[in-house]
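One structure is given here, and the rest of the page talks about it.
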Amino acid sequence: MFFAAIGILIGIIVGLILPYTYSVTYSLYISVAILACLDSVFGGVRANLEGKFDLKIFLSGFFGNSILAAILAYIGDRLGVPLYYAAIFTFGGRLFENFASIRRLLINRKSEKSD
């Protein structure tokens, strides 16, 4: 958990020092990819709390999901079909499921310590 906090701090500092802007035309693809990455991060936190974390699975899901979501949004954009909704519903739903599981795991751990 310590290394995760250090990584987050480094990411925030780098983001503040080296701000990066991108074209508005890519905002749909980037937002869907970020949602997929957040899903992977929450899944990794959940797996870590359950004692099942595997770095290979996390990294393949992190990059694979984000690339797949961006490609899906791109193809849908070219076809004129909002395929990015599939990624939003899938990753958004899983994000809330993982958050609920993380919350339950933390509450159960805290209640077990107080007993």
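For the reader, a short list of remarks on this structure follows.
- Qualifying residue in segment 66-76 (condition: touching a Ser or Thr at 6+ places or on another chain (Cβ under 7 Å) and of a type in the set (A, V, I, L, M, F, W, C)): no
- Filter result for A33 (surrounded by 14 or more Cβ atoms within 10 Å (Cβ to Cβ) and under 21 Å from A5 (Cβ atoms)): no
- The number of residues in segment 25-79 being under 18 Å from G93 (Cα atoms) and either among the charged types (D, E, K, R) or not in a helix (DSSP H, G or I) (or both) comes to 2.
- D39 fulfils the conditions (1) charged (D, E, K, R); (2) out of contact with any helix residue (DSSP H, G or I) (no Cβ under 8 Å at 6 or more places or on another chain); (3) within 29 Å of R109 (Cα to Cα) except for a single criterion, (2).
- Count of residues meeting criterion [under 15 Å from the mean Cα position of the chain (by Cα) and over 11 Å from L35 (Cα atoms)] in segment 68-100: 6
Computed from the coordinates by the stated procedures, all read-outs in this text should not be read as laboratory data. On a predicted model such as this, the values are computed, not experimentally measured, just so you know. With ideal geometry, Cβ positions are generated from the backbone for all residues, glycine too; neighbour counts draw on all protein chains shown.
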